[in-house]
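Asker: Structure provided below as structure tokens; questions to follow.
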Amino acid sequence: MRRYALLLLLIPSLSLAHEPIFGLGPGTIFKGGVGVETEYERGDREEGMATEVLYGVTEDISTTFRIFNTAERTSALALRVKYRIWKRYMPGRVDAFSLIGGVLRDLEGKVTHGIFGAAVGMESRRWYFFADARTAGKLFIDGAVGIRPWLTEYLKPDLVLLSEVNYELKGGYRALFLSPAFFFTYRNIAVKGGVQIPTYRSERAKILKVRSRTALSVEVHF
């Protein structure tokens, strides 16, 4: 417990792990912890509100239930489990690696997809690095670099700026995005958002009218 308390002092907002906006990081919530996130999303063909409920089964295992609603209907449901199989604590820094599994139900297409993947990350006082690869109907490969411009004290307002690269692949569909994002936290509340800007689209992606995507959310941990 002393070691964990020291890390809380060294890394601002550790209980609200800073993760990519469009990718996934290896972070898990503390045992018995609950997180609720409400997010506005505008995608290629629809926009709506996503709600996620995160629960810490153990310190290293967390579950996330997600529901996405458009103005007319519920569009998708997902249940995801993240298992942090490796972690390393150092003064002012945490490294971790997690496995990811779950199921995604597309209510529009009436199709169920398995979710399988892994995520690795490094969080420090100044810098953040993340990478993940996963399947959920498509193959997603993501990388992100983040920086804290101002080193604030623990329990003070905290801002992290992120630059993400997101790649999607499914058969002849391929798309590459550059995604600027931000993560602002104050105690147990986070406001985060970003924009996915397509920098490459295959002919199939152009036919599907892949365009810029936007996400903006508020997250609270209890």
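The values are calculated or read from the model by the stated rules, or taken from the named source; none is laboratory data. Small disclaimer: the values here were computed from a predicted structure and weren't measured. Ideal geometry is used to build each Cβ from the backbone, glycine not excepted, and the neighbour counts take in all protein chains shown.
Asker: Filter segment 151-173 for residues that are among the charged types (D, E, K, R) and more than 14 Å from Ile21 (Cα to Cα) and give the result. Steps first, answer last, please.
Answerer: Residues of segment 151-173 that are among the charged types (D, E, K, R), as a first pass: 153, 156, 158, 164, 168, 170.
Within segment 151-173, Glu153, Lys156, Asp158, Glu168, Lys170 qualify.
Asker: Among Tyr186, Tyr154, which is the only one that is touching a Lys or Arg at 6+ places or on another chain (Cβ under 9 Å) and of a type outside the set (Val, Ile, Thr)?
Answerer: Values: Tyr154 fails: touching a Lys or Arg at 6+ places or on another chain (Cβ under 9 Å).
That would be Tyr186, the only listed residue that is touching a Lys or Arg at 6+ places or on another chain (Cβ under 9 Å) and of a type outside the set (Val, Ile, Thr).
Asker: If you go through segment 109-132, how many residues are within 27 Å of Arg148 (Cβ to Cβ), hydroxyl-bearing (Ser, Thr, Tyr) and at pLDDT 95 or above?
Answerer: In the first step, residues of segment 109-132 are kept if they are within 27 Å of Arg148 (Cβ to Cβ); the result is 117-132.
Then drop every residue that is not hydroxyl-bearing (Ser, Thr, Tyr), which leaves 124, 128.
Then keep just the ones that are at pLDDT 95 or above; that gives 128.
Final tally of qualifying residues: 1.
Asker: Continuing with the same structure: I'd like the full set of residues that are surrounded by 19 or more Cβ atoms within 10 Å (Cβ to Cβ) and under 20 Å from Val81 (Cα atoms), limited to segment 116-135.
Answerer: From segment 116-135, those surrounded by 19 or more Cβ atoms within 10 Å (Cβ to Cβ) are 117, 119, 121, 123, 128, 130-132, 134; that's our starting set.
Correct list: Gly117, Ala119, Gly121, Phe130, Ala131, Asp132, Arg134.
Asker: Which is modelled with pLDDT of 95 or more, touching a Phe, Trp or Tyr at 6+ places or on another chain (Cβ under 7 Å), under 26 Å from Phe222 (Cβ atoms) and of a type in the set (Val, Ile, Thr), of Val103, Val191, Val145?
Answerer: Working: Val103 fails: touching a Phe, Trp or Tyr at 6+ places or on another chain (Cβ under 7 Å); Val145 fails: under 26 Å from Phe222 (Cβ atoms).
From the options Val103, Val191, Val145, the qualifying one is Val191.
Asker: Report yes if Gly109 is over 17 Å from the mean Cα position of the chain (by Cα), outside any strand (DSSP E or B) and surrounded by 15 or more Cβ atoms within 10 Å (Cβ to Cβ), otherwise no.
Answerer: Judged against the criteria, Gly109 is not a match.
Asker: Is it the case, given these coordinates, that Ala175 is among the aliphatic types (A, V, I, L, M) and in contact (Cβ under 8 Å) with a residue 24 or more places away in the chain? Steps first, answer last, please.
Answerer: Numbers: among the aliphatic types (A, V, I, L, M): yes; in contact (Cβ under 8 Å) with a residue 24 or more places away in the chain: yes.
So Ala175 fits the description; yes.
Asker: Ok, one more. Take the conditions assigned to a strand (DSSP E or B), within 28 Å of Asn188 (Cα to Cα), in contact with an Asp or Glu (Cβ under 8 Å, 6 or more places away or on another chain) and of a type in the set (Phe, Trp, Tyr) and apply them to Tyr83. Does it pass? If you could, list the steps in order and put the result at the bottom.
Answerer: Working: assigned to a strand (DSSP E or B): yes; within 28 Å of Asn188 (Cα to Cα): yes; in contact with an Asp or Glu (Cβ under 8 Å, 6 or more places away or on another chain): yes; of a type in the set (Phe, Trp, Tyr): yes.
Yes, satisfied.
Asker: Go over the candidates Ile29, Ile67 one by one and state the one that is β-branched (Val, Ile, Thr), modelled with pLDDT under 95 and either outside any loop (DSSP other than H, G, I, E, B) or out of contact with any helix residue (DSSP H, G or I) (no Cβ under 6 Å at 6 or more places or on another chain) (or both). Can you show your working first?
Answerer: Values: Ile67 fails: modelled with pLDDT under 95.
Exactly one of Ile29, Ile67 is β-branched (Val, Ile, Thr), modelled with pLDDT under 95 and either outside any loop (DSSP other than H, G, I, E, B) or out of contact with any helix residue (DSSP H, G or I) (no Cβ under 6 Å at 6 or more places or on another chain) (or both), namely Ile29.
Asker: In segment 192-207, what residues are exposed (fewer than 14 other Cβ atoms within 10 Å of the Cβ), in contact with a strand residue (DSSP E or B) (Cβ under 7 Å, 6 or more places away or on another chain) and in contact (Cβ under 8 Å) with a residue 24 or more places away in the chain?
Answerer: Selection gives Tyr200 alone.
Asker: Additional query: Determine whether Ser163 is buried (at least 16 other Cβ atoms within 10 Å of the Cβ), among the hydroxyl-bearing types (Ser, Thr, Tyr) and part of a strand (DSSP E or B). Spell out the reasoning first.
Answerer: Working: buried (at least 16 other Cβ atoms within 10 Å of the Cβ): no; among the hydroxyl-bearing types (Ser, Thr, Tyr): yes; part of a strand (DSSP E or B): yes.
No.
Asker: Condition first: farther than 30 Å from Pro91 by Cα and not aliphatic (A, V, I, L, M). Now tell me which residues in segment 108-153 satisfy that.
Answerer: Taking segment 108-153 and keeping what is farther than 30 Å from Pro91 by Cα, we get 108-116, 134-140.
Glu108, Gly109, Lys110, Thr112, His113, Gly114, Phe116, Arg134, Thr135, Gly137, Lys138, Phe140 - these are the residues of segment 108-153 that are farther than 30 Å from Pro91 by Cα and not aliphatic (A, V, I, L, M).
Asker: A further question on this structure: Could you tell me whether any residue of segment 17-26 is more than 22 Å from Val120 (Cβ to Cβ) and at pLDDT 95 or above?
Answerer: At the first step, the residues of segment 17-26 found to be more than 22 Å from Val120 (Cβ to Cβ) are none.
No, the conditions are met nowhere in segment 17-26.
Asker: Would segment 131-140 turn up any residue that is within 29 Å of Leu79 (Cβ to Cβ), in contact with a Ser or Thr (Cβ under 7 Å, 6 or more places away or on another chain) and β-branched (Val, Ile, Thr)? Spell out the reasoning first.
Answerer: Here is the first cut: in segment 131-140, the ones within 29 Å of Leu79 (Cβ to Cβ) are 131-140.
Filter once more, keeping what is in contact with a Ser or Thr (Cβ under 7 Å, 6 or more places away or on another chain): none.
Within segment 131-140, not a single residue is within 29 Å of Leu79 (Cβ to Cβ), in contact with a Ser or Thr (Cβ under 7 Å, 6 or more places away or on another chain) and β-branched (Val, Ile, Thr).
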